[in-house]
Amino acid sequence: MTTRFKFVKIASVILALGIGTIVAGFYGLVDFSPVKDAAWFALPSIFAFGVPTFELEAILIMLAIYLIIVIETTGTWFTVGEVADEKLDEKRLNGGAFGEGLGCLVGSLFGGTPVTGYSSNAGIIAITGVKSRKPIIAGGMMLVLLGMMPKFMSVIASVPSVVINGVFAILCVAIMMNGFKVIKNAPFTERNMIVIGVPVMLALFAVLIPAEILSGLPSIVTYFVSSGTAVGAIGALVLNVVLPQKLDDVKTVQSGGEMSYATR
């Protein structure tokens, strides 16, 4: 691969966002008015939402939400590990959970919102081929600096949603294909078929639940049910515990377009 095409591959996501924004501008879909009113420099405010208070109900709700987030992010870590050809062990998973919790604490302290790892990052790694942690660290430092420059942040926020959704659609394809690569490493047994297939069905069902039904549920239940990833992950965990291990002795065999079962 020549240097020119290598650069295009590495910068493909940024180029797509930039070119997409320019094209969207010709159709009047870009609004730069917030950029004019934004300041050039501003320091973050500590406890911008007021001095924190601790209530048991809020703590329990946040614990449940964080459990869902950790479940979602763990799947992202495994996908990133597959894309980056890195083996994830218990130490790395614990480090990731600790780092995410620390990021939420620091973000909330300086007036931001809690943070989490996005699955789209795995798609970006797959498309650009950038697997080193050094560019990620450098990018994080740049974002910290940009966070103190509201005018530049307003420019980034002006990227229209249609452009972001278009790029995200391509990232989803990369995420999905690498997810299949993770699944193919599991033995194709009857038990694994149920553990993998049923949660996928539950996740799709959760996405299709009407908003009218969700509005009548408690907030913590609504947050959980509205996350297809969380519903699927909990379903997989429950099935993995409930289903008897003896089902692993039944291996599916595909022959002539029909599925049959054979014991090992």
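FYI, it's all coordinate maths here, none of it is from the lab. Values in this document were obtained by computation on a predicted structure and should not be read as measured data. So basically every Cβ, Gly included, is an ideal-geometry build from the backbone, and we count neighbours across all protein chains shown.
Other residues with beta-carbon under 15 Å from the beta-carbon of Ala64 carry, at +1 per Lys or Arg and -1 per Asp or Glu, a net charge of -3. Taking each residue as 0.36 nm, the span from Val144 to Phe7 lengthens on full extension beyond its C-alpha to C-alpha distance by 46.9 nm. Relative to the first principal axis of the alpha-carbon coordinates of the chain, what is the inclination of helix 228-242, with its axis defined by its Cα atoms, in degrees from 0 to 90 and to the nearest 10? Between the helix axis and the principal axis of the chain, the angle is about 30 degrees. Here the calculated FRET efficiency for Leu243 and Ser33, from their Cβ-Cβ distance with R0 = 41 Å, stands at 0.15, rounded to the nearest 0.05.
The gain in end-to-end length when the Phe41 to Phe78 segment is fully stretched comes to 9.5 nm, 0.36 nm per residue minus the alpha carbon separation.
In sequence order, the stretch 109-119 has phi-based couplings of 4, 9, x, x, 10, x, 10, 7, x, 8, 5 Hz under the Karplus curve 6.51 cos²θ - 1.76 cosθ + 1.60, θ = phi - 60°, and Gly or Pro positions carry x.
Between the residues Ser161, Ala24, Ile234, the greatest Cα displacement towards the positive end of the dipole of the chain, with unit charges on the Cβ of Lys, Arg, Asp and Glu, is found for Ala24.
Only Lys, Arg, Asp and Glu carry charge here, each on its Cβ (+1 for the first two, -1 for the last two); on that basis the chain has a dipole of about 1000 debye about its Cα centre.
At an R0 of 30 angstrom, the distance between the Cβ atoms of Ala169 and Leu56 translates into a FRET efficiency of 0.10. Highest GNM mean-square fluctuation among Lys91, Lys151, Lys131, for the chain modelled with Cα contacts below 10 Å: Lys91. Put simply, the Cα atoms of the chain extend 69, 58, 41 Å along their principal axes, the longest span coming first.
Ignoring lysines fewer than eight residues from Lys36 along the same chain, the ones with Cα atoms less than 29 angstrom from its Cα are Lys151.
Per-residue ellipticity at 222 nm computed for the chain from its helices equals -21000 deg cm²/dmol, with DSSP H segments shorter than 4 residues left out and the rest contributing -39,500 (n - 2.57). The shape of the stretch 1-117 can be summarised by an equivalent ellipsoid whose semi-axes, obtained from the alpha carbon gyration tensor, come to 33, 28, 13 Å from longest to shortest. Among 141-148, 235-242, the peptide with the highest mean count of other Cβ atoms within 10 Å heads the list, and the full ranking is 235-242, 141-148. Above 14 angstrom, tally the Cα pairs of the stretch 28-88 and express them as a % of all pairs, no decimals. Value for the stretch 28-88 (Cα pairs over 14 Å): 78 percent. Residue exposure proxy: Trp40, Trp77, ordered by other Cβ atoms within 10 angstrom of their Cβ from fewest to most, comes out as Trp40, Trp77. Taking amide H as placed 1.01 Å from N in the peptide plane, Val115 has its amide H under 5 Å from the amide H of Cys104, each at least 5 places away in sequence or on another chain.
Residues of the stretch 132-167 falling in the label zone of Phe110, defined by backbone nitrogen less than 11 Å from a point 7 Å along Cα to beta-carbon, are 141-149.
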